[in-house]
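Report on the following structure.
The values are calculated or read from the model by the stated rules, or taken from the named source; none is laboratory data. Computed from a predicted structure; not experimentally measured. Note that each Cβ is placed from the backbone with ideal geometry, even for glycine, and that neighbours are counted across all protein chains shown. Surface accessibility is based on the protein's heavy atoms, side chains included, excluding ligands, DNA and RNA. Shrake-Rupley method; radii C 1.70, N 1.55, O 1.52, S 1.80 Å.
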Amino acid sequence: IAKQQGLRVLGSAGSDEKVKYLKEELGVDATINYKTEDLDSFLKREGPVDIYWDHIGGKTLETVIDHLNPLGRICGYIDQYNSKDNSRFGVKNLSLVNSRELTVVGFKVDSLEDREGDFGFFKEVPKLVKEGKLEIREEVRHGLDSVPQFLLDVLQGKNIGKAVVIVADE
């Protein structure tokens, strides 16, 4: 959707397979495998950044903040949801939020929809998918007995695309 709006898109993934998917199938402009490449060097080369959708937090967020343009936006802010309290990373450059006039907005689908409606999502997105203008990839498993391993796979980054469990065929 960002590409359709004329934005330059940078993507980050934790495997070469996912980086290839972002670049070749989704058309992301520049990609990085964050497990094997340095994010700061990548953003110095490919940045700066105007909008950052945060799915990681911690050191990654801190690095991106260093490369946000004035008036940049951070959407989300997931901060190490699998970490124990004593092992959390404290972002050290939050003073840039003030000096660069950055906007940080939490993103929870349930409260967002209550406040703002669906933004035309159900009208626009299915149409984009049907027209082939929006790529959707799903990884499907069958039966409730597949859920525990599937959940582990998702949390370990082993899947690509939306995780879907089919409970029963009708």
Measure of compaction for the chain (Cα Rg per 2.2 N^0.38 Å): 1.15
Given springs between every Cα pair under 10 Å in a Gaussian network model of the chain, which of Arg141, Arg100, Arg115 has the largest fluctuation? Arg115
Please arrange Leu144, Leu7, Leu96 by accessible surface area, largest first, computed with a 1.4 Å probe and ligands excluded. Leu144, Leu7, Leu96
Let's see if you can work this out: charge +1 on each Lys and Arg Cβ, -1 on each Asp and Glu Cβ, no other charges. What is the dipole magnitude of the chain about its Cα centre, in debye to the nearest 20? 400 debye
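What chymotrypsin sites (Phe, Trp or Tyr not before Pro) does segment 94-142 have in DSSP loop regions with at most 14 other beta carbons within 10 Å?
Those satisfying the criteria are Phe107, Phe119.
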If you build a Gaussian network model of the chain, linking Cα atoms that sit under 10 Å apart, which residue out of His67, His55, His142 swings the most? His142
Can you give the relative contact order of the chain as a percent, counting alpha carbon pairs under 8 Å and 6+ residues apart? 14 percent
